Amino acid sequence: MRHHWKTIQEENRGNIFTNMTIHPPRHLVWSTDKIDLRDPFQKRWLLRQTLMYGKAEDISALKLADIRKELDQLGLPKEIESLWRRYLEYCDAGRKSN
């Protein structure tokens, strides 16, 4: 998950995706000030929050592969899930035509 939020680098300083705690913006997460992206539950929860409440810059920081991988597990409202399924289909069709 790419992002523009403040990060705390723990060990393995060169690979921010291996050991990372982030401080997400309050419009996404209001119940805590830190998310540990090493924890699959927290990472999935942040992805759900971002898809539901994120601004354009939050959503543009996501990897489509993460959305594709987790979409069935997120429990999104049907309108939001449908939008993302259609968008992923559109992206897949574009890749096949190239």
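Each value in this text was obtained by applying a stated rule to the coordinates, not by laboratory testing. Quick caveat: nothing in here was measured; it's all calculated off a predicted structure.
Pairs exceeding 21 Å between alpha-carbon atoms, taken from LYS43/LYS96; LYS69/LYS96; LYS34/LYS78: LYS43/LYS96; LYS34/LYS78.
Phi angles of region 24-34 translate, via the Karplus equation with coefficients 6.51, -1.76, 1.60 and θ = phi - 60°, into HN-Hα couplings of x, x, 5, 6, 9, 9, 10, 9, 8, 9, 9 Hz per residue; Gly and Pro are given as x.
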